[in-house]
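Here's the structure, in structure tokens; my notes come after.
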Amino acid sequence: METIWWRTVALTAVAPVVWGTTYLTTEELLPPDRPLFAALARALPAGLLLLAWRRRLPTGVWWWRSVVLGLCNIGLFFPLLFLAAYSLPGGLAATLQATLPLAVVGIAYVALGERASGARVVAALVGLAGVGLLVLQNPGGVDPVGLAAAAASVVASAVGLVLVKRWPAPVDMLTLVSWQLVVGGLALLPVALLVEGPPPAVDLPALAGYLWLGGAGTVLAYVCWFRGVARMPAGAVAIVGLLNPVVGTGLGVLVAGEAFGPVQALGVLLVLGGVVAGQRRPRVVQDRAGGEAAGEAEVERARAEHRRERLPAA
């Protein structure tokens, strides 16, 4: 069981590792000051391609559930994420996502009745302490609009994560991701046209950036992420997400030459310490292993109900 658990953790970790590249990709490759178009280009083409491949539409309650999940995880989260990426240094923008575990722990307790273990709460608080150091002492200054967008993206992501856990999908992860991407992309389309006007010119570097974000950063990452959500406690998944700022900060320093001083180093160490604190205790491992088994059972029940709904009435 422990081997299965760590395999699940490793696959889930693919998502935050890839997401940590979003900020650098946005700054270096994408057209400037077009966060809504960037979000739209990341979501809608990938969603339509996936939907055409899977050829399955929602049924019953999953029509409105898909709309809610698509808005939380894509339609709201993506533009807020890109606004933060355009407004803040990459390492700082990525590190703000370290507040996600605390948001998820609180929402999961209310919506799922999921009690966070002491180690998980400590891990979230240690990560938040690292965030505070990076935000309050950032050498280059902080854009308040970017900070607000980053905070709002965390709330949207936390709600979406908990709802995915609360509503086990009766379909495979690729299909579930396709529904959310299409909903989120369609919601973004009119807003992007009204606010930003016609699409910008896209050169080869920008095209490469959009392909990376749409393929690895969206399809691959969300399949791995939602798979983890279905098999792990919500708070445990969020703590794995702390790898996002580690990657974002490292790329910002190594590639973009962003400022990195002793205070930022301490902040990153605290974030990494939060990840370790949330993963090392055997008691936490046992809780997660049980959560994984329970999650798999929930998925199987949901799929059985979905099959019954599709049977013709006698």
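Checking each residue in region 26-49 for being assigned to a helix (DSSP H, G or I) and surrounded by fewer than 22 Cβ atoms within 10 Å (Cβ to Cβ) picks out GLU27, GLU28, LEU29, LEU36, PRO45, LEU48, LEU49.
Among the residues of region 193-213 satisfying the criterion of being touching a residue at least 60 places away in the same chain (Cβ under 8 Å) and outside any helix (DSSP H, G or I), which is nearest to THR21 (Cα to Cα)? Result: VAL202. Restrict the check to region 279-288 and report whether at least one residue is modelled with pLDDT of 50 or more and buried (at least 18 other Cβ atoms within 10 Å of the Cβ). Within region 279-288, one or more residues are modelled with pLDDT of 50 or more and buried (at least 18 other Cβ atoms within 10 Å of the Cβ).
Name the residues in region 157-187 that are open to solvent by 10 Å² or more (accessible area, probe 1.4 Å) and in contact with a Cys (Cβ under 7 Å, 6 or more places away or on another chain), would you? Listed by number, the residues that qualify are VAL159, LEU163. The set of residues in region 236-251 being over 19 Å from PHE77 (Cα atoms) and either surrounded by fewer than 24 Cβ atoms within 10 Å (Cβ to Cβ) or in contact with a Phe, Trp or Tyr (Cβ under 9 Å, 6 or more places away or on another chain) (or both) consists of VAL246, VAL247, THR249, GLY250, LEU251. The set of residues in region 58-85 being under 22 Å from ARG166 (Cα atoms), touching a residue at least 24 places away in the same chain (Cβ under 8 Å) and open to solvent by 40 Å² or more (accessible area, probe 1.4 Å) consists of THR59, GLY60, ARG65, VAL67, VAL68, LEU71, LEU76.
The values are calculated or read from the model by the stated rules, or taken from the named source; none is laboratory data. All figures in this text were calculated on a predicted structure; none of them were measured in a lab. Glycine also receives a Cβ, built like all others from the backbone with ideal geometry; neighbour counts cover every protein chain displayed. Side chains included, ligands, DNA and RNA excluded: accessible areas come from the protein's heavy atoms. Shrake-Rupley method; radii C 1.70, N 1.55, O 1.52, S 1.80 Å.
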